[in-house]
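Let me begin by presenting the structure, written as structure tokens, before commenting on it.
The values are calculated or read from the model by the stated rules, or taken from the named source; none is laboratory data. Just so we're clear, the structure is a prediction, and the values are computed from it rather than from any experiment. Virtual Cβ from ideal backbone geometry, glycine too; neighbours counted across all protein chains shown.
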Amino acid sequence: MNDKKVEREHKVYELDENADVELKINKKFPYQKMLDILTKGNTFFLAVERRSAAYARKNLERELGELIETTFSVYTTPEGEKLDGYVFSFKLVKDYLEKVHVEDTFEEIDKQQVDHDSKRNITC
């Protein structure tokens, strides 16, 4: 019974003085720098995994009140190193919304309907 309890626990390793252990530091997102880049209408690349990109995107969307688009990409540094990560942008979404004006679309539909009705009346 005592053996099962030990199996469900994390293993603990006692280290001696010469143990080779690499300490990992959690990196923080430079939110202010990312916000500055996005508000200028530019895009940026962040070398992170999917979960971290989603976390950063949600926080940026909350801060800006805008939809942020993230796209998986491979960035090649000036030194030639290839990094997997995500490109962040809301410029693409904003440009699309500016091109497709909802009011203009409805006006165009109304105009097409009037043209269609007038043609129908002429042929009758």
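Below is a table of values for the structure above.
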item: The stretch 60-71, residues that are closer than 18 Å to ASN42 by Cα and either charged (D, E, K, R) or at pLDDT 95 or above (or both); result: GLU61, GLU63, GLU66, GLU69
item: Out of VAL87, VAL48, VAL74, sole residue that is modelled with pLDDT of 75 or more and touching a Gly at 6+ places or on another chain (Cβ under 6 Å); result: VAL48
item: Among (1) of a type outside the set (A, V, I, L, M, F, W, C); (2) at pLDDT below 90; (3) surrounded by 13 or more Cβ atoms within 10 Å (Cβ to Cβ) - the single one GLN112 does not satisfy; result: (3)
item: Residue check, VAL93 modelled with pLDDT of 90 or more and surrounded by 10 or more Cβ atoms within 10 Å (Cβ to Cβ); result: no
item: Selection from the stretch 60-85 of residues that are within 10 Å of the chain's Cα centre (by Cα) and assigned to a helix (DSSP H, G or I); result: LEU60, GLU61
item: Test: THR70 is farther than 19 Å from ASN26 by Cα and in contact with a Lys or Arg (Cβ under 6 Å, 6 or more places away or on another chain); result: yes
